[in-house]
Structure formats: structure tokens, C-alpha cells
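The structure appears below as C-alpha cells.
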Amino acid sequence: MKYLKQFCIILFLSFLGEALRSVIPLPIPASVYGLVLMLGALASGILKGSQVRETSEFLIEIMPVMFIPAGVGLMDSWGVLKPVCIPVLLITVLTTVIVMGTTGAVTQQMIRKEKKKHESISD
């Protein structure tokens, strides 16, 4: 029952993202709206991490399986993608490097901030 409740919370925030997508005329996917809502709820304390932890971990564990239909769709569309394959690969590699670098920098900054916080508390 715990998993069902957690899944319903995640599904509700995804639904709110879908609703926002239909209301706000920006070219942003509904899933991004849902993730921003989830981040806001977690950051503000409205939602505790423990309230969705187990189901979130399960969804992350099965995430690779969810990419199979997308991969099959890409293979099915090879004829359309072949002429733009090089630009798509370059953009993919470039954005991956940028995201990895940004994530690493932000993580290091957060770790340093947390260390300073613990040092000031212990002094």
C-alpha cells in the first residue's frame, strides 16, 4: 500500500505538469513541469523525500527498460535520421559534456558549502 501511495503522489505531480503544459503556451514538455513541481515540493518541505523514496528508487532502477521503445523508434526511423546523424551526434556529445561538467561543478560547490557549514557548527 505504501508503494501505491508514493506512486500516486508522483503521478499526481506528473498530472499537474500535464495541466500546466496545457495552460502555459511554452515549448516545454509536461514532464519538465512535473519535475519542477516535484523539486519545488521537496525543496519547500511540502513533500518529504521519505514520502516518495522507495517508489522513486524503483522507478530509477527500471529506467533503462523504459528507453527500449524509444530505441526501437529510432531504429525504425533510421531513414529519416541518416542525413542528420552527424549533427545529432555532435550535439548529443556536446550537450552531454556540458551537462556532466555543470553537474560536477554544482555538486562540488554544494559539497564545499556543506563542509563549511559543518566546520562552522563544530567550531
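The values are calculated or read from the model by the stated rules, or taken from the named source; none is laboratory data. Since the model is a prediction, treat every value here as computed from it, not as a measurement. Cβ sites come from the backbone with ideal geometry, for glycine too, and all protein chains shown count toward neighbours. We work out accessible area using only protein heavy atoms, side chains counted, and drop any ligands, DNA or RNA first. Shrake-Rupley method; radii C 1.70, N 1.55, O 1.52, S 1.80 Å.
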Skipping prolines and chain starts, which residues have an amide H placed within reach, meaning under 5 Å, of the one on Leu47, given they are 5 or more residues away or on another chain? Leu42
Calculated FRET value between Thr92 and Ser122, using beta carbons and R₀ = 35 Å, to 0.05: 0.20
Among the Cα-Cα pairs of the chain, the proportion with separation greater than 21 Å, in percent, is 65
Leaving ligands, DNA and RNA out of it, rank Ile46, Ile28 by accessible area with a 1.4 Å probe, largest first. Ile46, Ile28
Given a 1.4 angstrom probe, what's the average accessible area per residue across the chain, in square angstrom? 83
On a 1.4 Å probe surface of the protein chains, which of Cys8, Cys85 comes out largest in accessible area, and what is the full order? Cys8, Cys85
State the percentage of accessible surface on the chain attributable to carbon and sulfur atoms; use a 1.4 Å probe and exclude ligands, DNA and RNA. 74
Point-charge dipole on Cβ atoms (K/R +1, D/E -1) for the chain, about Cα centre, debye to 20: 280
Cross-link candidates for Lys117: which lysines have Cα within less than 23 Å, leaving aside residues fewer than 8 places away along the same chain? Lys48
From phi via Karplus (6.51, -1.76, 1.60), per-residue ³J(HN,Hα) for the range 52-69 in Hz, x at Gly/Pro: 9, 4, 4, 5, 4, 4, 4, 5, 5, 5, 8, 4, x, 5, 5, 8, 4, x
Exposure of Ser44 as accessible area (Å², to 10), given a probe of 1.4 Å and all protein chains: 80
If you stretched the chain out fully between Thr103 and Leu26, how much longer would it get, using 0.36 nm times the residue separation minus the C-alpha to C-alpha distance? 25.2 nm
Could you order Arg21, Arg53 so the one with the most accessible surface comes first? Probe is 1.4 Å. Arg53, Arg21
Relative contact order computed over the chain (Cα-Cα under 8 Å; 6+ residues apart), in percent: 19
How high is the FRET efficiency between Phe7 and Arg112 when r is their beta carbon distance and R₀ equals 41 Å, given to the nearest 0.05? 0.70
